[in-house]
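Colleague: After the C-alpha cells below, expect a handful of questions from me.
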Amino acid sequence: MTDILADWYLWTKALHVISVIAWMAGLFYLPRLFVYHEETVKTGTDTDDLFQTMERRLLRAIMNPAMIATWIFGLGLVMTPGVVDWSMLWPWVKAASVLGMTWFHMWLAARRKAFAAGTNTLSGRHYRMMNEVPTVLLVLIVFSVIVKF
C-alpha cells in the first residue's frame with residue numbers, strides 16, 4: 001500500500017490542492033450569501049427561495065464533495081511514507097486547523113437549515129465576523145505546511 005501512495009504522491013497532492021481550493025471558495029462565499037440573505041431578503045419571498053436554492057446548491061454540490069475530497073486526499077498524503085514528521089509542531093497545527101475548518105463547514109450547514117426553516121436569528125454582522133474564521137485557519141494551515149515550524 002505504501003508503494004502505491006508513494007507512486008501516486010504528486011497526483012494525490014495535486015488533487016488535494018484542487019479540492020482545498022474548491023472547499024475554500026465555498027467557505028468564503030456561503031457566509032457572504034448569508035449576509036445578503038439576512039440583510040436584504042424577506043422570508044417567504046421569491047428572492048428568499050432563490051437565496052435558499054443558491055445556498056443549498058453551493059453546500060451540497062460544491063462544498064460537501066470538496067470537503068470530502070480534501071479529507072480523502074489529505075489522509076492519503078498523511079499516510080504516504082516520509083511526508084509527515086509527527087515529532088514536529090506543524091502537522092498538529094494543520095490537523096487542528098483542518099478540524100476547525102470542518103467544524104466551520106458544519107456550522108454553515110446548520111445556518112443554511114435555519115434559513116430554510118425561517119428561523120435564522122443571526123445578524124449580517126455576525127456572519128461578516130464569522131467569515132473571518134476560514135481566513136485565519138487558512139493562514140495557519142499554509143504557514144504550517146510551507147514553513148514547517
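Colleague: Just to be sure I understand, how many residues within the range 83-107 are in contact with a helix residue (DSSP H, G or I) (Cβ under 8 Å, 6 or more places away or on another chain), farther than 30 Å from residue 55 by Cα and not hydrophobic (A, V, I, L, M, F, W, C)?
Modeller: Selection size over the range 83-107: 2.
Colleague: Tally the residues that are polar (S, T, N, Q) and closer than 14 Å to residue 117 by Cα, restricting the search to the range 30-55.
Modeller: So the count comes out to 4.
Colleague: Pairs please, first residue from the range 118-131 and touching a residue at least 40 places away in the same chain (Cβ under 8 Å), second anywhere and among the aromatic types (Phe, Trp, Tyr) and buried (at least 16 other Cβ atoms within 10 Å of the Cβ), Cβ atoms under 6 Å, 6+ apart in sequence or on different chains.
Modeller: Short answer, once both residue conditions are applied: 127/34.
Colleague: Still on this structure, please answer the following. Tell me, which helices (runs of 4 or more DSSP H) lie completely within the range 43-149 with 1 or more residues that are of a type in the set (Ser, Thr, Tyr), closer than 14 Å to residue 32 by Cα and under 13 Å from the mean Cα position of the chain (by Cα)?
Modeller: 133-147
Colleague: Only residues in the range 76-90 that are touching a residue at least 40 places away in the same chain (Cβ under 8 Å) count as the first member; pair them with residues that are charged (D, E, K, R), Cβ under 6 angstrom, at least 6 apart or cross-chain, and list the lot.
Modeller: What qualifies is 90/148.
Colleague: Let me ask something else. Out of all the residues in the range 82-105, is one or more more than 30 Å from residue 46 (Cα to Cα) and in contact with a Lys or Arg (Cβ under 7 Å, 6 or more places away or on another chain)?
Modeller: Yes: one or more hits.
Colleague: Then there is this: If you check every pair at least six apart or on different chains, which have Cβ atoms under 7 Å apart with a residue in the range 92-104 that is within 13 Å of residue 143 (Cα to Cα) first and a residue that is aliphatic (A, V, I, L, M) and surrounded by fewer than 16 Cβ atoms within 10 Å (Cβ to Cβ) second?
Modeller: 94/145
Colleague: Okay, next question. Report, by residue number, each residue of the range 60-93 that is more than 27 Å from residue 111 (Cα to Cα), surrounded by fewer than 16 Cβ atoms within 10 Å (Cβ to Cβ) and not aliphatic (A, V, I, L, M).
Modeller: Selection gives 81, 82, 85, 86, 87, 92.
Colleague: If you check every pair at least six apart or on different chains, which have Cβ atoms under 6 Å apart with a residue in the range 27-38 that is closer than 10 Å to residue 55 by Cα and surrounded by fewer than 23 Cβ atoms within 10 Å (Cβ to Cβ) first and a residue that is among the acidic types (Asp, Glu) and modelled with pLDDT of 95 or more second?
Modeller: So the pair list comes out as 33/55.
The values are calculated or read from the model by the stated rules, or taken from the named source; none is laboratory data. Everything numeric here is computed off the predicted structure, so don't read it as measured data. A quick note on method: Cβ atoms are made from the backbone with ideal geometry, for glycine too, and the neighbour counts reach across all protein chains shown.
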